[in-house]
Amino acid sequence: MAPLLLQLAALGAALVAAALILISFVAFITATEMPQLHRHEEEKFFLNVRGQREALPSIQDSPTKQLSVVVPSYNEEKRLPVMMDEALGYLEDRQKQDPTFTYEVIIVDDGSKDQTSKVAFKYCQKYGSDKVRVITLVKNRGKGGAIRMGVFSSRGKKILMADADGATKFPDIEKLEKGLNDLQPWPDQMAIACGSRAHLEKESIAQRSYFRTLLMYGFHFLVWFLCVKGIRDTQCGFKLLTREAASRTFSSLHIERWAFDVELLYIAQFFKIPIAEIAVNWTEIEGSKLVPFWSWLQMGKDLLFIRLRYLTGAWRLEQTRKMN
(Lines give C-alpha, C1' and ligand atoms only; values in the text may rest on other atoms or scores of the structure.)
Protein backbone atom coordinates (compact mmCIF):
# COMPACT_ATOMS: atom_id res chain seq x y z
CA MET A 1 0.00 0.00 0.00
CA ALA A 2 2.77 2.43 0.93
CA PRO A 3 4.62 2.07 -2.40
CA LEU A 4 1.35 2.73 -4.25
CA LEU A 5 0.75 5.92 -2.26
CA LEU A 6 4.30 7.07 -2.99
CA GLN A 7 3.79 6.41 -6.68
CA LEU A 8 0.50 8.35 -6.67
CA ALA A 9 2.15 11.23 -4.80
CA ALA A 10 5.04 11.27 -7.28
CA LEU A 11 2.59 11.19 -10.19
CA GLY A 12 0.59 14.04 -8.68
CA ALA A 13 3.73 16.13 -8.16
CA ALA A 14 4.84 15.42 -11.74
CA LEU A 15 1.43 16.48 -13.10
CA VAL A 16 1.51 19.71 -11.06
CA ALA A 17 5.05 20.46 -12.27
CA ALA A 18 4.06 19.73 -15.88
CA ALA A 19 1.00 21.97 -15.58
CA LEU A 20 3.11 24.79 -14.12
CA ILE A 21 5.66 24.46 -16.91
CA LEU A 22 2.88 24.48 -19.52
CA ILE A 23 1.21 27.55 -17.97
CA SER A 24 4.58 29.32 -17.76
CA PHE A 25 5.22 28.54 -21.42
CA VAL A 26 1.79 29.85 -22.42
CA ALA A 27 2.33 32.98 -20.30
CA PHE A 28 5.70 33.56 -21.95
CA ILE A 29 4.67 33.11 -25.59
CA THR A 30 1.46 35.13 -25.20
CA ALA A 31 3.17 38.04 -23.41
CA THR A 32 2.91 41.34 -25.23
CA GLU A 33 5.77 43.82 -25.43
CA MET A 34 5.76 46.97 -23.35
CA PRO A 35 2.57 48.71 -24.52
CA GLN A 36 3.17 52.02 -26.24
CA LEU A 37 0.63 54.77 -25.69
CA HIS A 38 -1.17 54.38 -29.00
CA ARG A 39 -3.73 57.09 -29.58
CA HIS A 40 -6.25 57.18 -32.38
CA GLU A 41 -6.33 60.58 -34.06
CA GLU A 42 -9.52 61.53 -32.21
CA GLU A 43 -7.88 60.69 -28.87
CA LYS A 44 -5.13 63.29 -29.27
CA PHE A 45 -7.53 66.15 -28.60
CA PHE A 46 -10.17 67.37 -26.17
CA LEU A 47 -13.02 69.78 -26.86
CA ASN A 48 -12.94 73.19 -25.24
CA VAL A 49 -16.09 75.02 -24.10
CA ARG A 50 -16.69 76.30 -27.64
CA GLY A 51 -16.52 72.78 -29.03
CA GLN A 52 -13.16 73.38 -30.69
CA ARG A 53 -10.44 70.75 -30.63
CA GLU A 54 -7.28 71.39 -28.58
CA ALA A 55 -4.24 69.15 -28.32
CA LEU A 56 -3.84 67.18 -25.11
CA PRO A 57 -0.71 67.80 -23.02
CA SER A 58 1.81 65.12 -22.02
CA ILE A 59 2.96 63.88 -18.64
CA GLN A 60 6.48 64.65 -19.89
CA ASP A 61 5.59 68.35 -19.79
CA SER A 62 6.24 70.37 -16.65
CA PRO A 63 3.21 70.37 -14.30
CA THR A 64 0.97 73.44 -14.32
CA LYS A 65 -1.65 72.29 -11.79
CA GLN A 66 -1.34 71.14 -8.21
CA LEU A 67 -3.81 68.27 -8.67
CA SER A 68 -5.11 66.18 -11.55
CA VAL A 69 -8.12 63.92 -10.94
CA VAL A 70 -8.48 61.08 -13.45
CA VAL A 71 -11.94 59.50 -13.63
CA PRO A 72 -12.27 56.36 -15.81
CA SER A 73 -15.85 56.01 -17.00
CA TYR A 74 -17.60 53.26 -18.91
CA ASN A 75 -21.36 53.59 -19.38
CA GLU A 76 -21.56 55.92 -16.38
CA GLU A 77 -24.19 58.44 -17.53
CA LYS A 78 -26.29 57.77 -14.41
CA ARG A 79 -23.64 57.50 -11.68
CA LEU A 80 -21.14 60.09 -12.93
CA PRO A 81 -23.16 63.25 -12.07
CA VAL A 82 -23.34 62.37 -8.35
CA MET A 83 -19.59 61.81 -8.18
CA MET A 84 -18.77 64.94 -10.20
CA ASP A 85 -21.06 67.17 -8.14
CA GLU A 86 -19.36 66.06 -4.93
CA ALA A 87 -15.83 66.24 -6.34
CA LEU A 88 -16.19 69.63 -8.00
CA GLY A 89 -18.06 71.04 -5.01
CA TYR A 90 -15.12 70.07 -2.79
CA LEU A 91 -12.47 71.29 -5.25
CA GLU A 92 -14.18 74.64 -5.82
CA ASP A 93 -14.57 75.24 -2.07
CA ARG A 94 -10.92 74.38 -1.53
CA GLN A 95 -9.87 76.81 -4.23
CA LYS A 96 -11.97 79.59 -2.67
CA GLN A 97 -10.27 78.99 0.68
CA ASP A 98 -6.83 78.76 -0.96
CA PRO A 99 -6.58 80.71 -4.25
CA THR A 100 -3.14 79.16 -4.92
CA PHE A 101 -4.73 75.70 -5.19
CA THR A 102 -5.23 74.65 -8.81
CA TYR A 103 -6.80 71.50 -10.19
CA GLU A 104 -8.18 69.72 -13.22
CA VAL A 105 -10.59 66.79 -13.59
CA ILE A 106 -10.02 64.48 -16.56
CA ILE A 107 -12.95 62.22 -17.40
CA VAL A 108 -11.90 59.37 -19.67
CA ASP A 109 -14.86 57.86 -21.49
CA ASP A 110 -13.68 54.30 -22.11
CA GLY A 111 -15.65 53.63 -25.29
CA SER A 112 -19.05 53.95 -23.62
CA LYS A 113 -22.22 52.96 -25.44
CA ASP A 114 -24.38 55.45 -23.55
CA GLN A 115 -24.23 59.25 -23.15
CA THR A 116 -21.28 59.35 -20.73
CA SER A 117 -19.26 61.83 -22.85
CA LYS A 118 -22.23 64.19 -23.25
CA VAL A 119 -22.95 64.12 -19.53
CA ALA A 120 -19.27 64.76 -18.76
CA PHE A 121 -19.01 67.60 -21.30
CA LYS A 122 -21.76 69.51 -19.48
CA TYR A 123 -19.34 69.91 -16.57
CA CYS A 124 -16.72 71.19 -19.00
CA GLN A 125 -19.22 73.80 -20.20
CA LYS A 126 -20.09 74.75 -16.62
CA TYR A 127 -16.58 74.94 -15.12
CA GLY A 128 -14.45 75.56 -18.22
CA SER A 129 -12.07 73.28 -20.13
CA ASP A 130 -9.11 74.39 -18.01
CA LYS A 131 -10.75 72.65 -15.03
CA VAL A 132 -12.72 69.83 -16.65
CA ARG A 133 -11.63 67.90 -19.72
CA VAL A 134 -13.22 64.92 -21.43
CA ILE A 135 -11.20 62.33 -23.35
CA THR A 136 -13.38 60.00 -25.42
CA LEU A 137 -11.68 56.76 -26.39
CA VAL A 138 -12.53 55.21 -29.75
CA LYS A 139 -12.84 51.73 -28.26
CA ASN A 140 -12.95 50.19 -24.81
CA ARG A 141 -9.44 49.67 -23.37
CA GLY A 142 -10.35 48.59 -19.84
CA LYS A 143 -10.15 50.55 -16.59
CA GLY A 144 -6.35 50.44 -16.44
CA GLY A 145 -6.02 51.54 -20.06
CA ALA A 146 -8.44 54.43 -19.54
CA ILE A 147 -6.62 55.66 -16.43
CA ARG A 148 -3.29 55.34 -18.23
CA MET A 149 -4.59 57.58 -21.02
CA GLY A 150 -5.79 60.15 -18.49
CA VAL A 151 -2.55 60.04 -16.49
CA PHE A 152 -0.45 60.60 -19.61
CA SER A 153 -2.64 63.63 -20.49
CA SER A 154 -2.51 65.22 -17.04
CA ARG A 155 -0.93 68.46 -15.84
CA GLY A 156 -0.86 67.96 -12.06
CA LYS A 157 2.04 67.68 -9.62
CA LYS A 158 -0.08 65.01 -7.95
CA ILE A 159 -2.48 62.68 -9.73
CA LEU A 160 -5.56 61.16 -8.11
CA MET A 161 -7.36 58.11 -9.49
CA ALA A 162 -11.06 58.24 -8.57
CA ASP A 163 -13.87 55.92 -9.63
CA ALA A 164 -16.92 57.34 -11.39
CA ASP A 165 -19.34 55.70 -8.95
CA GLY A 166 -18.35 58.04 -6.11
CA ALA A 167 -18.05 55.14 -3.65
CA THR A 168 -15.21 56.91 -1.82
CA LYS A 169 -16.01 60.26 -0.23
CA PHE A 170 -13.98 62.82 -2.17
CA PRO A 171 -12.85 64.90 0.84
CA ASP A 172 -10.86 61.83 1.91
CA ILE A 173 -8.24 63.03 -0.55
CA GLU A 174 -6.91 65.03 2.40
CA LYS A 175 -6.16 61.74 4.19
CA LEU A 176 -4.21 60.55 1.14
CA GLU A 177 -2.32 63.84 0.93
CA LYS A 178 -1.32 63.53 4.58
CA GLY A 179 -0.27 59.91 4.01
CA LEU A 180 1.80 60.99 1.02
CA ASN A 181 3.48 63.79 2.96
CA ASP A 182 4.29 61.44 5.83
CA LEU A 183 6.38 59.36 3.38
CA GLN A 184 8.82 62.23 2.76
CA PRO A 185 11.58 62.46 1.77
CA TRP A 186 10.39 60.94 -1.50
CA PRO A 187 13.12 59.11 -3.49
CA ASP A 188 13.30 60.74 -6.93
CA GLN A 189 10.10 62.60 -5.97
CA MET A 190 8.14 59.32 -6.16
CA ALA A 191 5.48 58.21 -3.65
CA ILE A 192 2.01 56.63 -3.66
CA ALA A 193 -0.89 56.77 -1.19
CA CYS A 194 -3.53 54.04 -1.63
CA GLY A 195 -7.04 54.40 -0.28
CA SER A 196 -8.02 51.25 1.60
CA ARG A 197 -11.25 49.51 2.59
CA ALA A 198 -9.47 46.86 4.64
CA HIS A 199 -10.85 48.32 7.88
CA LEU A 200 -14.36 47.61 6.56
CA GLU A 201 -13.64 43.93 5.86
CA LYS A 202 -15.54 42.49 8.84
CA GLU A 203 -18.63 44.50 8.01
CA SER A 204 -18.50 43.51 4.33
CA ILE A 205 -18.11 39.81 5.20
CA ALA A 206 -21.32 39.99 7.22
CA GLN A 207 -23.17 41.29 4.15
CA ARG A 208 -21.64 38.92 1.58
CA SER A 209 -22.50 35.33 0.73
CA TYR A 210 -20.06 32.61 1.80
CA PHE A 211 -19.14 32.11 -1.87
CA ARG A 212 -18.22 35.75 -2.44
CA THR A 213 -16.32 35.82 0.85
CA LEU A 214 -14.36 32.75 -0.28
CA LEU A 215 -13.57 34.44 -3.61
CA MET A 216 -12.41 37.58 -1.80
CA TYR A 217 -10.05 35.70 0.50
CA GLY A 218 -8.76 33.63 -2.43
CA PHE A 219 -8.00 36.78 -4.41
CA HIS A 220 -6.26 38.44 -1.45
CA PHE A 221 -4.12 35.34 -0.97
CA LEU A 222 -3.11 35.27 -4.64
CA VAL A 223 -2.21 38.97 -4.55
CA TRP A 224 -0.03 38.42 -1.47
CA PHE A 225 1.51 35.14 -2.68
CA LEU A 226 2.19 36.14 -6.28
CA CYS A 227 2.61 39.88 -6.54
CA VAL A 228 2.24 42.47 -3.78
CA LYS A 229 3.27 42.25 -0.15
CA GLY A 230 2.16 44.56 2.63
CA ILE A 231 -0.90 46.14 0.95
CA ARG A 232 -4.19 44.71 2.22
CA ASP A 233 -6.46 46.40 -0.34
CA THR A 234 -4.92 46.73 -3.78
CA GLN A 235 -8.23 47.25 -5.61
CA CYS A 236 -9.60 50.45 -4.07
CA GLY A 237 -9.95 52.93 -6.94
CA PHE A 238 -8.85 55.92 -4.83
CA LYS A 239 -5.08 56.34 -5.22
CA LEU A 240 -2.85 59.43 -5.12
CA LEU A 241 0.52 59.45 -6.89
CA THR A 242 3.21 62.03 -7.35
CA ARG A 243 3.69 62.93 -11.01
CA GLU A 244 7.05 61.14 -11.08
CA ALA A 245 5.61 57.97 -9.56
CA ALA A 246 2.72 57.97 -12.04
CA SER A 247 5.10 58.41 -14.96
CA ARG A 248 7.39 55.59 -13.81
CA THR A 249 4.68 53.04 -13.00
CA PHE A 250 2.18 53.66 -15.78
CA SER A 251 4.91 53.67 -18.44
CA SER A 252 5.78 50.10 -17.39
CA LEU A 253 2.20 48.84 -17.12
CA HIS A 254 1.01 45.90 -19.26
CA ILE A 255 -2.37 44.98 -17.74
CA GLU A 256 -5.16 47.30 -18.85
CA ARG A 257 -8.18 45.70 -17.20
CA TRP A 258 -9.29 45.06 -13.61
CA ALA A 259 -6.04 43.58 -12.28
CA PHE A 260 -3.99 46.60 -13.40
CA ASP A 261 -3.86 47.91 -9.79
CA VAL A 262 -1.90 44.84 -8.73
CA GLU A 263 0.70 45.19 -11.48
CA LEU A 264 0.92 48.92 -10.77
CA LEU A 265 1.81 48.24 -7.12
CA TYR A 266 4.10 45.35 -8.12
CA ILE A 267 6.02 47.79 -10.34
CA ALA A 268 6.08 50.39 -7.56
CA GLN A 269 7.53 47.90 -5.09
CA PHE A 270 10.12 46.80 -7.65
CA PHE A 271 11.26 50.42 -8.03
CA LYS A 272 11.16 50.80 -4.22
CA ILE A 273 8.61 53.61 -4.43
CA PRO A 274 7.26 54.24 -0.90
CA ILE A 275 3.58 53.32 -0.54
CA ALA A 276 1.16 54.32 2.22
CA GLU A 277 -2.14 52.50 2.74
CA ILE A 278 -4.76 54.89 4.14
CA ALA A 279 -8.22 53.99 5.44
CA VAL A 280 -10.99 55.86 3.58
CA ASN A 281 -14.76 56.09 3.84
CA TRP A 282 -16.40 53.83 1.28
CA THR A 283 -19.97 52.93 0.38
CA GLU A 284 -21.00 50.24 -2.09
CA ILE A 285 -22.86 51.81 -5.01
CA GLU A 286 -25.24 49.87 -7.24
CA GLY A 287 -24.28 49.39 -10.87
CA SER A 288 -20.86 47.72 -10.54
CA LYS A 289 -19.42 46.44 -13.83
CA LEU A 290 -17.81 43.47 -12.04
CA VAL A 291 -19.50 40.09 -12.58
CA PRO A 292 -18.53 38.33 -9.31
CA PHE A 293 -17.39 34.88 -10.43
CA TRP A 294 -16.06 35.58 -13.94
CA SER A 295 -14.37 38.86 -13.01
CA TRP A 296 -12.58 37.21 -10.07
CA LEU A 297 -11.59 34.32 -12.34
CA GLN A 298 -10.18 36.73 -14.93
CA MET A 299 -8.28 38.65 -12.26
CA GLY A 300 -6.91 35.40 -10.82
CA LYS A 301 -5.59 34.43 -14.24
CA ASP A 302 -4.09 37.90 -14.67
CA LEU A 303 -2.33 37.65 -11.29
CA LEU A 304 -0.79 34.30 -12.18
CA PHE A 305 0.32 35.57 -15.60
CA ILE A 306 1.77 38.79 -14.11
CA ARG A 307 3.99 36.75 -11.81
CA LEU A 308 4.99 34.18 -14.41
CA ARG A 309 5.74 36.73 -17.13
CA TYR A 310 8.07 38.70 -14.88
CA LEU A 311 9.55 35.48 -13.49
CA THR A 312 10.29 34.04 -16.96
CA GLY A 313 11.65 37.35 -18.28
CA ALA A 314 8.83 37.84 -20.82
CA TRP A 315 8.28 41.17 -19.08
CA ARG A 316 11.20 43.09 -17.65
CA LEU A 317 11.63 46.11 -15.45
CA GLU A 318 14.82 48.18 -15.44
CA GLN A 319 15.85 50.34 -12.51
CA THR A 320 16.81 53.16 -14.85
CA ARG A 321 13.66 52.90 -17.00
CA LYS A 322 12.01 56.17 -17.95
CA MET A 323 8.69 56.70 -19.66
CA ASN A 324 8.69 55.97 -23.39
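The values are calculated or read from the model by the stated rules, or taken from the named source; none is laboratory data. In this text, all values refer to a predicted model and were calculated from it rather than measured experimentally. Positions of Cβ are generated from backbone atoms using ideal geometry, with glycine treated the same way; all protein chains shown enter the neighbour counts. Side chains included, ligands, DNA and RNA excluded: accessible areas come from the protein's heavy atoms. Shrake-Rupley method; radii C 1.70, N 1.55, O 1.52, S 1.80 Å.
Worth a mention:
- Relative contact order, percent, the range 60-189 [alpha-carbon distance under 8 Å, six or more residues apart]: 39 percent
- On the basis of the beta-carbon distance and an R0 of 30 Å, residue 279 and residue 115 show a calculated FRET efficiency of 0.30.
- Chymotrypsin sites (Phe, Trp or Tyr not before Pro) restricted to the range 43-115 and DSSP loop, no more than 14 other C-beta within 10 Å: 101
- Cα gyration tensor shape for the range 54-168, rounded if a/c is under 1.5, else prolate or oblate: oblate
- Alpha-carbon centroid distance for the pair the range 147-164 / the range 226-269, whole angstrom: 13 Å
- Here residue 305 sits with roughly 30 square angstrom of accessible surface, probe radius 1.4 Å.
- Distant-in-sequence amide contacts of residue 69, defined by a placed amide H-H separation under 5 Å and a gap of 5 or more residues or a different chain, comprise 104, 105, 106, 160.
- Working from label points 7 Å from Cα in the Cα-to-Cβ sense, the residue 93 to residue 312 distance is 5.2 nm.
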